[in-house]
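The structure appears below as structure tokens.
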Amino acid sequence: MSHPAPIADLDVTSDRLDDRSAGCDSCWLVELAGVDGRRYAYRVYASRQAVPGDLFWSALHHHDAGPLPRALDLFDTAVIRLLA
């Protein structure tokens, strides 16, 4: 069983790390499945009314911009949970 990668902080409104703007009142956990079999987890800051697809794409675009192996762009493979 593989362990999740470290969590990165994202703001769905700006897609910048550690940018927790006033419009983002909640924290979501978005786990992406990697092509290497690992799960990559991201905290996404957005409103409670955020569309799950927007949360997914925010995490996926951030992941793809980094040095880690590719993540699957299949929405059904993602786990999305409201944290706070």
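The values are calculated or read from the model by the stated rules, or taken from the named source; none is laboratory data. Owing to the predicted nature of the structure, the values given are computational and were not obtained by experimental measurement. Neighbour counts run over all protein chains shown; Cβ positions are idealised from the backbone, glycine included. Calculation scope for accessible area: heavy atoms of the full protein, side chains included, ligands and nucleic acids excluded. Shrake-Rupley method; radii C 1.70, N 1.55, O 1.52, S 1.80 Å.
Hey, can you tell me all the residues within segment 47-60 that are open to solvent by less than 50 Å² (accessible area, probe 1.4 Å) and more than 11 Å from the chain's Cα centre (by Cα)?
Passing the criteria: S47, A50.
Can you work out which of the residues in segment 61-82 that are touching a helix residue (DSSP H, G or I) at 6+ places or on another chain (Cβ under 9 Å) and open to solvent by less than 40 Å² (accessible area, probe 1.4 Å) is farthest from S26 (Cα to Cα)?
Per the stated criteria, the residue is A71.
List pairs: first in segment 34-53 and in contact (Cβ under 8 Å) with a residue 40 or more places away in the chain, second open to solvent by 70 Å² or more (accessible area, probe 1.4 Å) and part of a strand (DSSP E or B), Cβ under 8 Å, 6+ apart or cross-chain?
Sorted first by the residue in segment 34-53, then by its partner, the pairs are R43/I7.
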